[in-house]
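Worksheet: the structure to be examined is printed underneath.
Every read-out reported here was derived from the displayed coordinates using simple, explicitly stated rules and does not represent laboratory data. What you see is a predicted model, and the numbers here were worked out from it, not measured in a lab. Positions of Cβ are generated from backbone atoms using ideal geometry, with glycine treated the same way; all protein chains shown enter the neighbour counts.
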Amino acid sequence: MQLVIVNGSPHGLDGNTGKLIRSFRSAAEEQGAAVETLNLSDYTVHPCRGCEVCSKTGTCVIDDDAPKLQQKFLAADGIVLASPNYMMNVSGQLKVFLDRIFSHVHCQTLYGKYGAALVTAAGPVFEGVEEYLMSIFGFLGCWKVGSIGAASLQLEDPDECSRMQGEAADLARRFVEAIKNGETFPDQEEKRSQVFEMMKMMVQAKQDAWAYEYRYWKTNWGIEEE
C-alpha cells in the first residue's frame, strides 16, 4: 500500500503541520503502509495559467515539478493533504499545486482512492480549511476518510500536543484500514455520483476544446458518441 502526503507548509516537517504529519506517517507505517511525504517547499510549482492545454493534449505547458508530483499521487492508494491555515485557506504553496490538478477533477483519475486532511492554525480556526480540502477530495472522486485540525497553542503545550498527535495517529490507522478493506462510505455515494456525472457532461460538451480529456473518458470510463 502506497500513501502520499502532500505537505503545503513552507516549514516542511519542522513546523506545527509537520508534527501532525510525523505522527500520521509513523502510525501508517506501523500498519504496513509505505508513505512518501512531498514537501512542496522543496519543489518548484508555478501557478496555473488557465490555458487549458492540459485538457486538450494531456501535457502542461509549464516546465516545473508539478507533473512529477502528480504522477506520485496517481500511483498512490491514498492521499493526505496537509496545510497550515493562511488567511482562512490553505497555504499558497498548496493552493498553487491544487490549481494545477484541475484536469484530474475533469477526468476523475483518482476516483475510488482515499483521502484525508491535516490542518493547523494559530488559533482554533481550521474547520473551514478542513472542509475545503475534503471538498477537493470529493471533486477528485476520492473516498473521504476524515480530517483533523489543531491550533498552535495546542501543539505548543506538551499534553495537548501529545493528544493531537494521538488523533493524527488514530486517523492514520483508520485511513490504512479503510484502504485495506476497500471501505466505502454510503453517505458520500450520492455526491460522488453527481460529481462524476457532472464531469462526464462537461467533458462531453467540450470534447473539441478538451480533446485529451474526452479521449480519456472514452478509454477509461465510457462515454456516448453524439
Can you compute the modelled spin-label distance between Ala205 and Asp187, with each label point 7 Å from Cα toward Cβ, in nm? 3.1
Positive-end extreme of charge dipole, the chain - chosen from Gly222, Ala82, Asn7 (charges on Cβ): Gly222
Pick out, from Met198, Tyr212, Ala178, the residue whose Cα sits farthest towards the positive end of the charge dipole of segment 93-224, with +1 on the Cβ of Lys and Arg and -1 on the Cβ of Asp and Glu. Tyr212
At a Förster distance of 35 Å, what's the computed FRET efficiency of Lys180 paired with Lys68, Cβ-Cβ distance as r, to 0.05? 0.80
The simple spin-label model distance between Arg49 and Phe102, using points 7 Å out along Cα→Cβ, in nm, is 1.4
Let me know the charge dipole size of segment 1-64 about its Cα centre in debye, to the nearest 20, where only the beta-carbon of Lys, Arg (+1) and Asp, Glu (-1) is charged. 160
Segment 158-226, dipole about Cα centre (Lys/Arg Cβ +1, Asp/Glu Cβ -1), debye to the nearest 20: 220
Charges only on Cβ, +1 for Lys and Arg, -1 for Asp and Glu: so what's the dipole of the chain about the Cα centre, in debye to the nearest 20? 440
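If you stretched the chain out fully between His11 and Ala75, how much longer would it get, using 0.36 nm times the residue separation minus the C-alpha to C-alpha distance?
Gain on extension, His11 to Ala75, equals 20.5 nm.
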Find the centroid of the Cα atoms in segment 41-81 and in segment 157-226, then give the distance between the two in whole Å. 17
Which aspartates and glutamates have a Cα less than 12 Å from the Cα of Lys72, not counting those fewer than 8 places away in the same chain? Glu36
Per-peptide average of other Cβ atoms within 10 Å, ordering 67-79, 143-155 highest first: 143-155, 67-79
For Met164, Met87, ascending order of other Cβ atoms within 10 Å (fewest first) is Met87, Met164
I'd like the antiparallel share, as a percent to the nearest 5, of DSSP beta bridges with both residues in segment 1-135. 5
